Number of protein chains: 2
Amino acid sequence: MQVKVFLNEDEFPRQWYNLAADLPTPMQPPLGPDGKPITPDMLAPVFPMNLIEQEVSQERWIDIPEGILELLFRWRPTPLHRAVYLEKALGTPAKIYYKNESVSPPGSHKPNTAVAQAWYNKQFGIKNLTTETGAGQWGSALAFACALIGLECKVFMVRISFDQKPFRKIMMQTWGATCIASPSNQTHAGREILKVIPDTPGSLGIAISEAIEAAVTDKTGKTRYSLGSVLNHVMLHQTVIGLEAKKQLKKIGEKRVDIVIGCAGGGSNFAGLSFPFVADKISGADIEIIPVEPTSCPTMTRAPFVYDHGDTAKMTPLLPMYSLGHGFIPPPIHAGGLRYHGMAPLVCQAIVEGLLSPRAIDQNECYAAAVQFAKTEGIICAPETSHAIAAVIQEAKKAKEEGKEKVILFNMSGHGLMDLTGYENYFAGNLIDYPLPEEELQKSLKSLEGLPKPPANKSGKW
Amino acid sequence: MQVKVFLNEDEFPRQWYNLAADLPTPMQPPLGPDGKPITPDMLAPVFPMNLIEQEVSQERWIDIPEGILELLFRWRPTPLHRAVYLEKALGTPAKIYYKNESVSPPGSHKPNTAVAQAWYNKQFGIKNLTTETGAGQWGSALAFACALIGLECKVFMVRISFDQKPFRKIMMQTWGATCIASPSNQTHAGREILKVIPDTPGSLGIAISEAIEAAVTDKTGKTRYSLGSVLNHVMLHQTVIGLEAKKQLKKIGEKRVDIVIGCAGGGSNFAGLSFPFVADKISGADIEIIPVEPTSCPTMTRAPFVYDHGDTAKMTPLLPMYSLGHGFIPPPIHAGGLRYHGMAPLVCQAIVEGLLSPRAIDQNECYAAAVQFAKTEGIICAPETSHAIAAVIQEAKKAKEEGKEKVILFNMSGHGLMDLTGYENYFAGNLIDYPLPEEELQKSLKSLEGLPKPPANKSGKW
């Protein structure tokens, strides 16, 4: 039985898919501090104009430039696997497929947008990129992309991760990037915080502030900031995953997909796989599409749809999204990539429209799923990815109970070789589930008071 | 320009290539403690008979069973890349190709033989495998294979690595293997050493002794030992690398290869890529084939061709090979997989026959090459693999000087994401080269005194 489908480079999609063109209700614009829509010009000090144009584009299909294709072909197309061994272990009649994004050199789906963003910045005459990183997955992907393209790259890494995960830092260094513990003395924002709390462990919010400041205050005008998730153009670049998957399923004669699953922190790997299938659903296809998050950070399953800042320090515009509040401090679960208070506006809008069925799962169930996956399919997945696998196993068991030959597709968004501590804690029985208590949720939502509300959509929801 | 060649599963080789069938002089047999050739029966407590048959086979082509093909197809065929970006950086007229073995779930070429050995053991009715591991590359590959096949796996890991590289241990555990610090209290050999040196850091020699003892003393008769390099059947299983490469080169119209390069510790990744090309060389093709080793452990470049034990404790048979002496203690270079006193007898015999051109390189030059490779080709390689890349760069520069469009092929045997400490030391300028002093070599060679000598070959060499 064929358990893996490759695709040749000439079969690779030549255009990205933009879900914004097909959503029943148009996307709400990001708002400035004055509550008025942000204009492209206002974003110009932060991002190059060619990416800003993508960010606001309503075009359904956007051509992938030849230069970016060449970069993607370093490791793409990625294989589509059929998880026959997991299916057998579960005794399910379901057929389970997964895209293996772990084969990229940095080990995840993140480089899909990193190389595109680096390329557009280079085209625009930019010489330096700044970004932030938590656990290091995004920082290493951007460092990789900048090495290939020839850009300088500066990564502000949350101090606690900088100290606890030295390997990620060495990866970035090997690709020629500068990796700085945040808060740092290099920015006003960093210095102000260090004055007050010299031994702070840092946070993603602070690191974002530093990275944006470093970009906009650079006097050469040749520095911009890069973000690894949440924004529309990031979702766009990731759609190569789902577009490839469709071609691969067709290649082996699989005519339909019943369930599409991905984990979602900022939303990019989920969007990358699912958006081309969301398009089918909008056109009437009967598909269940499930973004999976941790119960400890239940943005999609328990937070309201609001306008909120993307960062703790309120430096970003207000984005229309489900949000736990920009002051939310997530518990220390191992899936660092899923500890975000908000969610990509495009993913949120699709939820509002009833196109997605979000689900939250405890981390112990996720690690149990990850271990079963490793023992059957052979790949040790990232802690984030384990959430997708846990949902897949739930659905495969349900298919067994119902006696239905469902076709399930999920995104194996990355390997876990740089994040094995979570497995160690799981084996030692030291892993704690942190379902968010209602009172903590309510307390965190207070930070949303006084912020504008998005208008109701056509069906009058939210 | 096409920078990557895939191969479909139906194009995958259906037979392994056995160099023993084509060597001008037949291989010398391994010898027992009495100096007489080892018979297959004598190996039966250690290995299953189906693998022993492969070990002594003179057949040129050996069918790959369907069950092993299925296992290999979890991640094979691996891509062949053209290193156009490295070529450009070097300004060389040479064309550089590499097999990317880092895409296997454990991240190296090791699973090629791990899944084959696990499968043959399972066929033979074996339930448990034991092995040893130094840095953990082989132990994790065998743990992976045993998980897929359904065998119990016990890995004796050298204590200093067990303590310093906890991630490798967690990988093995995730795949369901038991990983024990060696020396342990579980074997007579381990207990004897702990009595004398309770705080010993351990050694590969001790770990081999423990793993063999654990296999041969198991009263159920359902336990065997597995070795990840050196032996003939291991070289055989790895030839899928070179056989795939030939098909991929043909697919893109590359008609000849001038230079084939691989790093060599026990010899298996080098043999896997090169042996199908050694066959061409025996048939008259003009190819330079270069196994690369560290100057600190110069087995092929400075040691004599002798009969020596494979382990420090002299538990293994005597093998005909280049050896620094079984008492050799290699300096603490980062390429743990290249710190072996001997070399695969098949590789050694090919050297004796003048078919190979071994080369030794200092580790600082290797890390410089690895960093250049990471920044141009995007892949962070294993410390072992950096030796191959350093030799590739030497050859590419030579081609530039000579103005020749040489075609170079090398084995990217694994990624370095689990071994980034060496890069950190390199960046910090703390990396020391340890070219082996002549007096230390002579001292180590004393352990060979009194051992039998292999007879001269047809051309009267060694």
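The values are calculated or read from the model by the stated rules, or taken from the named source; none is laboratory data. Quick caveat, the model's predicted, so the values are computed rather than measured. Don't worry about glycine lacking a Cβ; one is built from the backbone with ideal geometry, like all the others, and counts go over all protein chains shown. Surface accessibility is based on the protein's heavy atoms, side chains included, excluding ligands, DNA and RNA. Shrake-Rupley method; radii C 1.70, N 1.55, O 1.52, S 1.80 Å.
The table below gives the values:
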read-out	value
Flag if B:Ala390 is within 13 Å of B:Ala83 (Cβ to Cβ), hydrophobic (A, V, I, L, M, F, W, C), in a helix (DSSP H, G or I) and open to solvent by less than 10 Å² (accessible area, probe 1.4 Å)	no
Set A:Gly266, A:Gly202, A:Gly242, A:Gly176: member being in contact with a helix residue (DSSP H, G or I) (Cβ under 8 Å, 6 or more places away or on another chain) and surrounded by fewer than 20 Cβ atoms within 10 Å (Cβ to Cβ)	A:Gly176
Residue that is farthest from B:Ile64 (Cα to Cα) [pool: residues in region B:1-17 that are touching a strand residue (DSSP E or B) at 6+ places or on another chain (Cβ under 6 Å) and within 14 Å of chain A (Cβ to nearest Cβ)]	B:Val3
Candidate set: region B:246-263, residues that are over 18 Å from the mean Cα position of the chain (by Cα) and open to solvent by less than 10 Å² (accessible area, probe 1.4 Å); chosen: the one farthest from B:Ser357 (Cα to Cα)	B:Gln248
B:Glu384 vs. criteria surrounded by fewer than 23 Cβ atoms within 10 Å (Cβ to Cβ) and away from chain A (no Cβ under 14 Å)	no
Among (1) over 22 Å from A:Asp311 (Cβ atoms); (2) in contact with a His (Cβ under 6 Å, 6 or more places away or on another chain), the one test that A:Glu55 misses	(1)
Residue within region B:111-122 that is open to solvent by 10 Å² or more (accessible area, probe 1.4 Å) and without any contact (Cβ under 8 Å) to a residue 40 or more places away in the chain present	yes
Residues located in region B:128-137, provided they are among the polar types (S, T, N, Q) and either within 14 Å of chain A (Cβ to nearest Cβ) or within 19 Å of B:His334 (Cβ to Cβ) (or both)	B:Thr133, B:Gln137
Within region A:230-239, considering residues that are open to solvent by less than 20 Å² (accessible area, probe 1.4 Å) and not in a helix (DSSP H, G or I), the one farthest from A:Arg82 (Cα to Cα)	A:Val230
Region B:428-462, residues that are open to solvent by 70 Å² or more (accessible area, probe 1.4 Å), modelled with pLDDT of 95 or more and within 14 Å of another protein chain (Cβ to nearest Cβ)	none
Cβ-Cβ under 6 Å pairs, at least 6 apart or on other chains, region B:171-186 side without any contact (Cβ under 8 Å) to a residue 40 or more places away in the chain and among the aliphatic types (A, V, I, L, M), far side crowded, with 21+ Cβ neighbours inside 10 Å and assigned to a strand (DSSP E or B)	B:Met172/B:Val155; B:Met172/B:Cys179; B:Ala177/B:Cys153; B:Ala177/B:Val155; B:Ile180/B:Phe156
Residue within region B:389-396 that is touching a strand residue (DSSP E or B) at 6+ places or on another chain (Cβ under 7 Å), β-branched (Val, Ile, Thr) and more than 14 Å from chain A (Cβ to nearest Cβ) present	yes
Residue check, B:Pro24 modelled with pLDDT under 95, surrounded by fewer than 24 Cβ atoms within 10 Å (Cβ to Cβ) and not charged (D, E, K, R)	yes
Identity of the residue in region A:138-173, among the basic types (Lys, Arg) and more than 14 Å from chain B (Cβ to nearest Cβ), that ends up most open to solvent (accessible area, probe 1.4 Å)	A:Arg159
Check on B:Ala335, open to solvent by less than 10 Å² (accessible area, probe 1.4 Å) and at pLDDT below 95	yes
Condition check for A:Asn112: among the polar types (S, T, N, Q), under 23 Å from the mean Cα position of the chain (by Cα), within 10 Å of chain B (Cβ to nearest Cβ) and closer than 24 Å to A:Phe144 by Cα	no
Filter result (under 21 Å from A:Lys250 (Cα atoms) and within 12 Å of chain B (Cβ to nearest Cβ)) within region A:76-100	A:Arg76, A:Pro77, A:Thr78, A:Pro79, A:His81, A:Arg82, A:Ala83, A:Val84, A:Asn100
Residue selected from region B:1-16 under the condition in contact (Cβ under 8 Å) with a residue 24 or more places away in the chain and either among the acidic types (Asp, Glu) or over 30 Å from A:Arg76 (Cα atoms) (or both), by the criterion surrounded by the most Cβ atoms within 10 Å (Cβ to Cβ)	B:Glu9
Residues of region A:30-56 satisfying the condition of being open to solvent by less than 50 Å² (accessible area, probe 1.4 Å) and within 23 Å of A:Lys453 (Cα to Cα)	A:Pro30, A:Leu31, A:Gly32, A:Gly35, A:Ile38, A:Leu43, A:Glu55
Lone unmet requirement of (1) of a type in the set (Gly, Ala, Ser); (2) open to solvent by 10 Å² or more (accessible area, probe 1.4 Å); (3) modelled with pLDDT under 95; (4) more than 20 Å from the chain's Cα centre (by Cα) for B:Ala135	(4)
Unmet criterion (only one of (1) open to solvent by 10 Å² or more (accessible area, probe 1.4 Å); (2) closer than 14 Å to B:Val230 by Cβ) for B:Arg359	(2)
Selected residue [surrounded by 19 or more Cβ atoms within 10 Å (Cβ to Cβ), in contact (Cβ under 8 Å) with a residue 12 or more places away in the chain and more than 14 Å from chain A (Cβ to nearest Cβ)] from B:Ala344, B:Ala370	B:Ala344
The lone exception for B:Pro79 - which of (1) at pLDDT 95 or above; (2) within 27 Å of B:Met157 (Cβ to Cβ) it fails	(2)
